[in-house]
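To keep things clear, I will list the structure first and then write my remarks on it.
Each reported figure results from applying straightforward, stated rules to the coordinates on display, with no laboratory input. What you see is a predicted model, and the numbers here were worked out from it, not measured in a lab. Glycine also receives a Cβ, built like all others from the backbone with ideal geometry; neighbour counts cover every protein chain displayed.
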Amino acid sequence: MAHAAKFALLGLALLLAACRSDPIHYHTLTPQQPTPASTVDVELERVSVPPQVDRPQVVIREGNSGLAILETEWWGASLADELHNALVNQFATSTAQSHLSLRVDVQRFDSVPGQYALFDASWRLRAVNGNGNGKSGAALNCRSVIQTPAGPSIDDLVLAHQQNLKRFTELVSRTASSGAARCPSVR
């Protein structure tokens, strides 16, 4: 009888060990290091992303047409919220007096381990009257494609995406600061 109880206990322990799931790793698009002061005051209206990637789990590309949802690699929030928070953080240190409104519509947010992270977005920048009467200036509609090489790990991909967002905010800041009503030519 004692042997049967030991075997039952051993079997239960093995069964519980087999049911153990891998831990979930959380990632953020907001870099740990503070960003330098922005030269423009940008209010982020909204950020939209394709539904294929707007989820808490990290989504990577596989081959030419495949997507893989990584069940143990998650964003700290939905991808749209992560992007919104990261961009707000990039523009939060503004010392500028001009008030601008930015809308970002992400067309592609590709993560390819060992190759690259890609940020492809249409964006609208417009001046907002600071006296509260709700009037705004003409909108500038642009599209930017930014790609950064990435290593094989998910952490490498996240760092490459952080770099893409930093480059994107620098591009928006330069465009807004130039005073020219034209989109940047850099892709």
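List H161, H84 from most exposed to least, where exposure is judged by having the fewest other Cβ atoms within 10 Å.
Going from least to most buried by this count: H84, H161.
The slack in the chain from S153 to R55, taken as 0.36 nm per residue of separation less the alpha-carbon distance, amounts to 33.3 nm. Between T72 and E45, the contour length at 0.36 nm per residue exceeds the Cα-Cα span by 6.6 nm. Among V145, V58, sorting on how many other beta-carbon atoms sit within 10 Å of each Cβ, with the fewest leading, yields V145, V58.
Y26 versus R108, label points 7 Å from Cα toward the beta carbon: distance in nm? The answer from the label model is 3.1 nm.
Suppose every Lys and Arg Cβ carries +1 and every Asp and Glu Cβ carries -1, with no other charges. What dipole size does the stretch 40-178 come out with about its Cα centre, to the nearest 20 debye? Walk me through the numbers on the way to the answer.
Details: 12 positive and 15 negative charges, 137 e Å.
It works out to roughly 660 debye.
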